[in-house]
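This report refers to the structure that appears directly beneath it.
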Amino acid sequence: MARFLIKRILLMILSLFVIAFLTFSLMHAVPGGPFTAERQLPARVEAEMRARYNLDAPLYVQFFDYIKGFLTFDLGPSFKYPGKTVNDFIENGFPVSAKLGGITILFILAVSIPLGIWAALKNGKWQDGFVMTIATLGVTIPSFVIATLLMYLFSHKLGWLPVFSLDKWQGYILPVVSLGGYSLAFIARLMRSSLLEVMGQDYIRTARSKGLSEVKVIVRHGLRNALIPVITILGPTIAALLTGSFVIEKIFAIPGMGVYFVDSVGQRDYTAIMGITVFYATFLIVMTFIVDIFYTIIDPRIRMEA
Amino acid sequence: MATWDKVTVQAADRERIYAKNRTFFGDVVFRFTRKFTAVFGLVLIVLLLLFAFVGPFISPYSYTTQSLEFANIPPRLELIPAEGSYFYITTSLKVIEVTPEGTLLRSLQKTGEDGINRTMSFAVDDETDLVLAYREKPPAFLVDGKPLEAERRTVWNQSFRLGSDALGRDLLTRLMYGSRISLIVAFVATLVNMTIGILYGGISGYIGGTADQVMMRIVDIISTIPLTLYVILIMVVLKSGFLSIIIALSSVYWVNMARVVRGQIYTLKHNEFVLAARTIGSSNGTILFRHLLPNAMGPILVTATMMIPSAIFLEAFLGYIGLGVAPPMSSLGTMSNDAIGALRMTPYQLFAPSLVICLIMFAFNFVGDGLRDALDPKLKK
């Protein structure tokens, strides 16, 4: 166990270092400095600016300063918005994204797991076909298509739901559905196939033959084992949803992390791009790590070798 | 007459195989064609390819042909008869003369506007003027101060089958070019990813040992990186354009393929035929490329087919956040992006590219599923 943990933590640190390095080198490979504008700045002003943003130091020094900042949760100032730091962006954007993501996760779990169970129990009947059709639709239709179609239908055509407002609970419906559509369909499919597989196992027959009621067989022996693959996929899903989907946030004008990211891409605000990428990646990696640990705890069949 | 005759059996008959002898390939085709969704997907792909690659030659327009007077015309027109001709009133209150069949003729010249009474006048010819009242919806023509009572007729737009965009470009033609770009991007990116993945995974699996360990740890690290972010970062560094998208997509998506190939090669290399090949003195390259890889082709093909929809999706996504191909070129993503701003006024501009994206995704997913079941019956549930 300890060996496994140490190995995983080392791999995690290495991944984070690689991510920081890649982002840093990509951002410094961009032709032209951040202050290259149509109007030529006076040489002294430019030198002053470069010194202020630590751009006059050699690259490796800049990199280590960046890593140092990263370790102390200081992601540096924004290039495009004077007086703002990348930390400000994350502090402003992350809670909004996290709230939307949290609601979406609850929605996904509440809908997809029952759907998957239902489909598995009615395997081969029309209910199964119905759920699988919806799941296939959800997996194949891109989220921005779902989002815009829903928006057009429910906000513009029918006028039932507001387009841009998170003040009222109705405002959450469309973003949550379009953000969660893919994961919902995916988890429902996974739940179905996993439960089908489990229900064919010998221990289910044993449970039935000792006279347990069908409900008890499904809940106590079937579901518990069938949920394991779902939990595995939940880690990356939660991380992705909490940090927000760029497109959904852009469509519904939600001021979350995604909007800041897309904005800084459009503005070529390099420190912001770098900072948000590293933050997002860290979050994703740590989340996957936690789920992996959790996974090995709940499933004793998995030995912690790797 | 004996009821029970002894059946004489020829030795040769015993050895005969009555079932039709099918090759592996024949078997795959058989299993593939059994599945309705797979065949349907394949037909859809062929139709999409025809649409994207042959369509532009048939279309009378190019993707850059603009006719600004016919901007934002929907595919379905409601015509109002007046002065012996038919007219269509656009959402931005322009009057367009249309033939009864639906071919756009010209945009009428505006001659005056009365802002108080909310009317506009348009010149039909040198003498006659049409007066348009727009106080109430829908706007109507005025004849002697009264709204013109005339039977409206709804026809399909014959000039622009799917309507025109904000610059008066034919949406159908742009959709063809857009699908072409998206499909080319997806195919090329998949091909590059496949090549890198096969080489990397093949070498890693074949050599084994420490080299394999190191190469696979590298893959582990890359796969923890959120790839979408990296594609975006690479797109920021490179100038946005066709080539950059391919480079961005190909530099990150090979990881999955490498894993699949490595796993296959790793299990296959312990087979006797590898030993046999080695005994007769085949080089490592021959063993890897002539003996091992062909045996691993099934999973490789399935992974590649599944890669195409994700490449299409990613390309559309990049176009959607404004990092797609440079205008005036269109791709499915940039077309959706252009349409989102005026969704309320011109929803048809979004529906067309969205539909094509969905169709491509469906088609390749279906074919991928079918291929997986056909190539590897073990995976079938």
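The values are calculated or read from the model by the stated rules, or taken from the named source; none is laboratory data. Everything numeric in this text was worked out from a predicted model, so none of it was measured. Don't worry about glycine lacking a Cβ; one is built from the backbone with ideal geometry, like all the others, and counts go over all protein chains shown. Ligands, DNA and RNA are excluded from the accessible area calculation, which covers all protein heavy atoms including side chains. Shrake-Rupley method; radii C 1.70, N 1.55, O 1.52, S 1.80 Å.
Just give me the residues in segment A:152-203 being among the aliphatic types (A, V, I, L, M) and either outside the structural domain of A:M132 (by TED's automatic domain parsing) or in contact with a Pro (Cβ under 7 Å, 6 or more places away or on another chain) (or both), in sequence order.
A:L190
Determine if segment B:161-170 includes at least one residue that is among the hydroxyl-bearing types (S, T, Y) and in a loop (DSSP other than H, G, I, E, B). Please lay out each step first, then the result.
At the first step, the residues of segment B:161-170 found to be among the hydroxyl-bearing types (S, T, Y) are B:164.
Cutting the leftovers down to in a loop (DSSP other than H, G, I, E, B) gives us none.
No - not one qualifying residue is present in segment B:161-170.
Identify all residues within segment A:253-282 that are open to solvent by 40 Å² or more (accessible area, probe 1.4 Å) and within 15 Å of A:L75 (Cα to Cα); write none if there are none.
A:Y260, A:F279
For segment B:1-66, give me every one of the helices (runs of 4 or more DSSP H) that falls completely inside it and has 3 or more residues that are modelled with pLDDT of 80 or more and farther than 19 Å from B:M329 by Cβ. Spell out the reasoning first.
Details: elements: B:11-15, B:24-34, B:36-53, B:55-58.
Those helices (runs of 4 or more DSSP H) span B:24-34, B:36-53.
Of the numbered conditions (1) more than 26 Å from A:A281 (Cβ to Cβ); (2) touching a helix residue (DSSP H, G or I) at 6+ places or on another chain (Cβ under 9 Å); (3) assigned to a helix (DSSP H, G or I), A:L109 satisfies every one except a single condition; which is it?
Checking A:L109 against (1) more than 26 Å from A:A281 (Cβ to Cβ); (2) touching a helix residue (DSSP H, G or I) at 6+ places or on another chain (Cβ under 9 Å); (3) assigned to a helix (DSSP H, G or I), the one that fails is (1).
Among the residues in segment A:86-98, are any of a type in the set (A, V, I, L, M) and within 30 Å of A:L190 (Cβ to Cβ)?
yes
Can we say B:G281 is away from every other protein chain (no Cβ under 14 Å), open to solvent by 10 Å² or more (accessible area, probe 1.4 Å) and on the phi > 0 side of the Ramachandran plot?
yes
Considering segment B:323-334 alone, what residues qualify as being within 13 Å of another protein chain (Cβ to nearest Cβ) and either open to solvent by less than 10 Å² (accessible area, probe 1.4 Å) or modelled with pLDDT under 80 (or both)?
Answer for segment B:323-334, where residues must be within 13 Å of another protein chain (Cβ to nearest Cβ) and either open to solvent by less than 10 Å² (accessible area, probe 1.4 Å) or modelled with pLDDT under 80 (or both): B:L323, B:G324, B:L332, B:G333.
Considering only residues that are within 23 Å of B:Y177 (Cα to Cα) and within 14 Å of another protein chain (Cβ to nearest Cβ), which ones fall in segment B:239-255? So that I can check it myself, show each step before the final result.
Narrowing segment B:239-255 to residues within 23 Å of B:Y177 (Cα to Cα): B:239-250.
If the condition is that a residue be within 23 Å of B:Y177 (Cα to Cα) and within 14 Å of another protein chain (Cβ to nearest Cβ), then B:K239, B:S240, B:S244, B:I247, B:A248 are the ones that fit.
Counting only residues that are away from chain B (no Cβ under 12 Å) and assigned to a loop (DSSP other than H, G, I, E, B), which one in segment A:112-137 is least open to solvent (accessible area, probe 1.4 Å)?
A:K122
Restricting to segment A:138-191, and then to whatever is aromatic (F, W, Y), open to solvent by 20 Å² or more (accessible area, probe 1.4 Å) and touching a residue at least 12 places away in the same chain (Cβ under 8 Å), can you tell me which residue is farthest from B:N337 (Cα to Cα)? Steps first, please.
Residues of segment A:138-191 that are aromatic (F, W, Y), as a first pass: A:144, A:152, A:154, A:160, A:164, A:169, A:172, A:182, A:186.
With open to solvent by 20 Å² or more (accessible area, probe 1.4 Å) added as a condition, the list becomes A:152, A:154, A:160, A:164, A:169, A:172, A:182, A:186.
After this cut, where a residue has to be touching a residue at least 12 places away in the same chain (Cβ under 8 Å) as well, the list is A:154, A:164, A:172, A:182, A:186.
Working: A:F154: 20, A:F164: 18, A:Y172: 23, A:Y182: 20, A:F186: 26 Å.
Top of the filtered list is A:F186.
B:Y63 passes all but one of (1) in contact (Cβ under 8 Å) with a residue 40 or more places away in the chain; (2) out of contact with any Asp or Glu (no Cβ under 9 Å at 6 or more places or on another chain); which number fails?
(2)
Specify the residue that is nearest to B:D165 (Cα to Cα); the eligible residues are those in segment B:76-112 that are of a type in the set (G, A, S) and not in a loop (DSSP other than H, G, I, E, B).
Applying the filter and picking the extreme gives B:S107.
Would you mind telling me which numbered condition in (1) away from every other protein chain (no Cβ under 14 Å); (2) open to solvent by 40 Å² or more (accessible area, probe 1.4 Å) B:T224 fails?
Result: B:T224 passes all but (1).
Across segment A:74-97, what is the number of residues that are surrounded by fewer than 21 Cβ atoms within 10 Å (Cβ to Cβ) and part of a helix (DSSP H, G or I)?
Residues meeting the conditions: 6.
Just need a number here: residues in segment B:354-370 that are closer than 15 Å to B:L171 by Cβ and at the interface with chain A (Cβ under 9 Å from one of its Cβ atoms).
At the first step, the residues of segment B:354-370 found to be closer than 15 Å to B:L171 by Cβ are B:354-357.
Right, trim to at the interface with chain A (Cβ under 9 Å from one of its Cβ atoms) and you get B:354-355, B:357.
Within segment B:354-370, residues that are closer than 15 Å to B:L171 by Cβ and at the interface with chain A (Cβ under 9 Å from one of its Cβ atoms) number 3.
For the condition open to solvent by less than 20 Å² (accessible area, probe 1.4 Å) and touching a Pro at 6+ places or on another chain (Cβ under 9 Å), what is the one hit in B:L171, B:L162, B:L148, B:L183?
None of the other options fit; the residue is B:L171.
Could you tell me how many of the residues in segment B:264-278 are open to solvent by less than 60 Å² (accessible area, probe 1.4 Å) and over 16 Å from B:D212 (Cα atoms)?
Count: 4.
So for segment A:291-301 (the condition being closer than 25 Å to A:Y66 by Cα and either within 11 Å of chain B (Cβ to nearest Cβ) or not basic (K, R) (or both)), does at least one residue qualify? Outline the logic, then answer.
Looking only at segment A:291-301, we keep the residues that are closer than 25 Å to A:Y66 by Cα, and these are none.
No, every residue in segment A:291-301 fails to be closer than 25 Å to A:Y66 by Cα and either within 11 Å of chain B (Cβ to nearest Cβ) or not basic (K, R) (or both).
Go through segment A:206-244 and give me each residue that's closer than 30 Å to A:V259 by Cβ and among the charged types (D, E, K, R).
Selection gives nothing.
Name the residues in segment A:110-127 that are free of Cβ contacts under 8 Å to residues at least 60 places away in the same chain, at negative phi and not basic (K, R), would you?
A:A110, A:P114, A:W118, A:W126, A:Q127
For B:M216, state whether it is in contact (Cβ under 8 Å) with a residue 24 or more places away in the chain and within 14 Å of chain A (Cβ to nearest Cβ).
Answer is yes for this residue.
Does A:I67 satisfy the condition of being part of a helix (DSSP H, G or I), buried (at least 17 other Cβ atoms within 10 Å of the Cβ) and of a type outside the set (G, A, S)?
When the stated conditions are applied, A:I67 does not pass them.
Taking B:T346 as meeting all but one of (1) among the β-branched types (V, I, T); (2) in a loop (DSSP other than H, G, I, E, B); (3) farther than 22 Å from A:L150 by Cα; (4) within 14 Å of chain A (Cβ to nearest Cβ), write down the number of the exception.
(3)
Give just the number: which of (1) more than 22 Å from the chain's Cα centre (by Cα); (2) on the phi < 0 side of the Ramachandran plot; (3) buried (at least 17 other Cβ atoms within 10 Å of the Cβ) does B:N72 not satisfy?
Only one criterion in (1) more than 22 Å from the chain's Cα centre (by Cα); (2) on the phi < 0 side of the Ramachandran plot; (3) buried (at least 17 other Cβ atoms within 10 Å of the Cβ) is unmet by B:N72, namely (2).
Given the options B:I340, B:I308, name the one that is within 17 Å of B:L249 (Cβ to Cβ) and in the same structural domain as B:F187 (by TED's automatic domain parsing).
Details: B:I340 fails: within 17 Å of B:L249 (Cβ to Cβ).
So the residue among B:I340, B:I308 that is within 17 Å of B:L249 (Cβ to Cβ) and in the same structural domain as B:F187 (by TED's automatic domain parsing) is B:I308.
Can you tell me which residue among B:A316, B:A311 is under 18 Å from the mean Cα position of the chain (by Cα), facing chain A (nearest Cβ under 10 Å) and open to solvent by less than 20 Å² (accessible area, probe 1.4 Å)?
B:A316
Which numbered condition trips up B:G84, out of (1) assigned by TED's automatic domain parsing to the domain that holds B:T119; (2) open to solvent by less than 80 Å² (accessible area, probe 1.4 Å)?
(2)
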